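All remarks here apply to the structure that follows.
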Amino acid sequence: MAKIGYARVSSTGQSLDVQLEKLTKFGCTGGDSRIFSEKKSGTVNTRKELKACLTHLREGDTLVITKLDRLARSTLHLTQVADDLNQRGIALKVLDQDIDTGTPTGKLLFNMLASIAEFENAIRKERQLDGIAKAKNNGVQLGRKPSLTTKQLRELKQDRKDGLLIRELMKKYGMSKASIYRFLDVGKKTEEIEQ
């Protein structure tokens, strides 16, 4: 009857400290208990530590997380995980939302919060797409600025025609070899004897 913790943040710049502290305080360390943690987006299917955590769980154990969105990428995924845990006799405890699927009330709250979380994600994505469309309509250039202006691109191609070596073009334009080839419309990087 171990308490197995799982902590996750979306990017390498974020800290797991708060989650790890809460899981440790709840008793997810020592004895048979342990904590799995990783820095991966929730939308990523291949979360090695989550897979290891779910594999590690045994009947009678409790999977402990701080929030529902730390565990699954959608309501469907969350429901699948919860159903799998239920069939294997494993409880799910969500600390910040005080959910315990070992109780009928906890199961109901779990399903309601999962649906709300997915709805919020869908609304956020819709707003983001609306914002991008509005910015494009207002003439905002999205994405990275081009490395070269049209004039510089013409100069680059002319320099190459005039016999400048790739390494010389790299130095002149402050670009990588791959970028120079890309701008020269060379399909495949062929090794040239020029070094």
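Using a probe of 1.4 angstrom and keeping all protein chains present, the accessible surface of the chain works out to 67 square angstrom per residue.
Please identify every one of the trypsin sites (Lys or Arg not before Pro) in the stretch 86-164 that sits in a loop by DSSP and has no more than 16 other beta carbons within 10 Å of its own beta carbon. For trypsin sites (Lys or Arg not before Pro) across the stretch 86-164 that sit outside H, G, I, E and B with at most 16 neighbouring Cβ atoms in 10 Å, the list reads 88, 144. Result for the chain in a Gaussian network model with C-alpha springs under 10 Å: among 114, 82, 135, the largest mean-square fluctuation is at 135.
Residues whose amide H lies under 5 Å from that of residue 99, counting only those 5 or more places away or on a different chain, are 94; hydrogens are built 1.01 Å from N in the peptide plane.
Counting only complete DSSP H runs, which helices of the chain cover 15 Å or more along their long axis at the Cα atoms and score a mean Kyte-Doolittle of -1.0 or above? Numbers along the way, then the final one.
Details: long enough: 75-87 (18 Å, -0.36); 104-137 (50 Å, -0.33); 150-161 (17 Å, -2.32).
What comes out of the filter, once short or polar helices are dropped, is 75-87, 104-137.
Based on every Cα atom in the stretch 59-192, Rg and the maximum pairwise Cα distance Dmax equal 27.2, 78 Å.
Would any residue of the stretch 80-100 have its amide N under 20 Å from a label point 7 Å out along Cα→Cβ of residue 120? List them or say none. Under 20 Å, as judged by backbone N against the label point of residue 120, lie 80-82, 93-100 of the stretch 80-100.
How high is the relative contact order of the stretch 14-114? Use alpha-carbon pairs under 8 Å, at least six apart in sequence, and give a whole percent. With pairs under 8 Å counted, the relative contact order is 22 percent.
In summary, the aspartates and glutamates within cross-link reach of residue 93, defined as a Cα separation below 20 angstrom excluding same-chain residues under 8 places away, comprise 17, 21, 32, 38, 49, 59, 61, 69, 83, 84, 118. When the solvent-accessible area of the chain is split by element, carbon and sulfur atoms take up 52 percent of it, the probe being 1.4 Å.
The values are calculated or read from the model by the stated rules, or taken from the named source; none is laboratory data. If you're wondering where the values come from, they're calculated on a predicted model, not measured in any experiment. Reconstructed Cβ throughout: ideal geometry from the backbone, glycine too, with neighbour counts over all protein chains shown. Heads up: the accessible areas ignore ligands, DNA and RNA and are worked out on the full protein's heavy atoms, side chains in. Shrake-Rupley method; radii C 1.70, N 1.55, O 1.52, S 1.80 Å.
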